[in-house]
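S.K.: Let me begin by handing over the structure; questions about it come next.
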Amino acid sequence: VAEGNEDRFSRQVALFGPDGQRKLRETRALIVGLGGLGSHVAQQLTFLGVPDETLIDHDIITGSSRNRVIGARPADVAAKTPKVDVAKRLILEIDPEATVVTYTVKLEHAHDAFADRTVVFGCVDNDLVRLQLTELTARHRIPYFDLASDTGIDNQGAPTYGGRIVFGAGSRCLHCLGLLDPEDIRRARLPEDARRAHDETYGIKQSALAGTGPAVVSVNGAVAALAVTEFMGWITRIREPAAQLVYYGEKRAVRRSTDEGDPDCPYCRLWRQ
Ligand SMILES: [Zn+2]
């Protein structure tokens, strides 16, 4: 035990016991998306004592990242630092002995990252990647927490801010819960010039603007903390995670959805093959 490390987890072991801490230490996490949501998840998993994190994000830090990406520094903008490298630095500052593997590529080029993972956190901002994650986690039978922040202006012009988390492990998923927008997925699959023509004809829906729309650190932090807290309760055997929690920031409420999945869902069926 490194100097000064004996008490590192004493305050949380007081909650869930040494067996719970051992379960955290045995976790091999995969975080997809290391921006406004995923950077909080990386930080919190490391503080909890998850020692092994694989990170996927092809994107770099820009000036507009600096209102919310945990660990980003001013110099990262000029240096065009990949978001995964900022997260790796953050993790290693908290736990120098952590194992961190980074993929600075899009998800479709990082399928081998799934092979030995025990939990996946999806922290992305588009439904095509969520669909890819739904299929990949089902094929590998890896429990999957999906995080989404949902911040914008409603039809009456009032600000709305919040988000939701969904936990899938074979009995329900984003697809059979009806949470993926087929129109967003179709648009995301178009080649660049066809997408531009599509947007000129139909306009861009707010949901498809997630990468450039409103984003606030505290809202992302609330959504990330809901997901990591459900993970903590599940992995330490305190209780089963909620299937779906929805955070309505402007109403100051978190609600648990009891929506059921579809037993014939093609993605959930992959878990049973
Ligand atoms: Zn399903």
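S.K.: Which one of these does Ala78 not meet: (1) more than 18 Å from Gly122 (Cβ to Cβ); (2) touching a helix residue (DSSP H, G or I) at 6+ places or on another chain (Cβ under 6 Å)?
M.R.: (2)
S.K.: Please determine, by comparing only the residues of region 257-273 that are among the charged types (D, E, K, R) and closer than 13 Å to Arg172 by Cβ, which one is nearest to the ligand (Cβ to nearest atom).
M.R.: If we take residues in region 257-273 being among the charged types (D, E, K, R) and closer than 13 Å to Arg172 by Cβ, then Asp262 is nearest to the ligand (Cβ to nearest atom).
S.K.: I'd like the full set of residues that are without any contact (Cβ under 8 Å) to a residue 12 or more places away in the chain and either surrounded by 21 or more Cβ atoms within 10 Å (Cβ to Cβ) or under 19 Å from Asp125 (Cβ atoms) (or both), limited to region 179-195.
M.R.: Listed by number, the residues that qualify are Pro182, Arg186, Leu190, Glu192, Arg195.
S.K.: A further question follows. Only one of (1) open to solvent by less than 60 Å² (accessible area, probe 1.4 Å); (2) more than 30 Å from Pro159 (Cα to Cα) fails for Val228. Which number is that?
M.R.: (2)
S.K.: What about Leu48, is it open to solvent by 10 Å² or more (accessible area, probe 1.4 Å) and either of a type in the set (Phe, Trp, Tyr) or within 17 Å of the chain's Cα centre (by Cα) (or both)?
M.R.: Yes: the conditions hold for Leu48.
S.K.: Whether any residue in region 167-189 is aliphatic (A, V, I, L, M), within 16 Å of the ligand (Cβ to nearest atom) and closer than 30 Å to Arg25 by Cβ is what I want to check.
M.R.: Yes, the conditions are met somewhere in region 167-189.
S.K.: Sort through Arg66, Arg25 and tell me the only one that's under 23 Å from Val101 (Cβ atoms) and open to solvent by 80 Å² or more (accessible area, probe 1.4 Å).
M.R.: On inspection, the qualifying residue turns out to be Arg25.
S.K.: Something else: Working carefully through the options Gly122, Gly152, find the one that is open to solvent by less than 30 Å² (accessible area, probe 1.4 Å) and modelled with pLDDT under 95.
M.R.: Of the residues listed, the single one that is open to solvent by less than 30 Å² (accessible area, probe 1.4 Å) and modelled with pLDDT under 95 is Gly152.
S.K.: Right, next: Which of the residues belonging to region 135-175 are hydrophobic (A, V, I, L, M, F, W, C), in a strand (DSSP E or B) and more than 17 Å from the chain's Cα centre (by Cα)?
M.R.: Ile153
S.K.: Looking at Val246, Val217, Val223, Val254, which is the one that is at pLDDT 95 or above, surrounded by 20 or more Cβ atoms within 10 Å (Cβ to Cβ) and away from the ligand (no atom under 16 Å from the Cβ)?
M.R.: Answer to the check: Val223.
S.K.: When both residues are 6+ apart or on different chains and their Cβ atoms are under 7 Å apart, which pairs have a first residue that lies in region 95-113 and is among the charged types (D, E, K, R), and a second that is open to solvent by less than 60 Å² (accessible area, probe 1.4 Å)?
M.R.: Between residues of region 95-113 that are among the charged types (D, E, K, R) and residues that are open to solvent by less than 60 Å² (accessible area, probe 1.4 Å), the close pairs are Asp95/Thr46; Asp95/Pro51; Glu97/Pro51; Glu108/Gln132.
The values are calculated or read from the model by the stated rules, or taken from the named source; none is laboratory data. Everything quoted here is computed from the prediction, not taken from an experiment. Neighbour counts run over all protein chains shown; Cβ positions are idealised from the backbone, glycine included. To get the accessible areas, we keep the full protein, side chains included, count just its heavy atoms, and leave off ligands, DNA and RNA. Shrake-Rupley method; radii C 1.70, N 1.55, O 1.52, S 1.80 Å.
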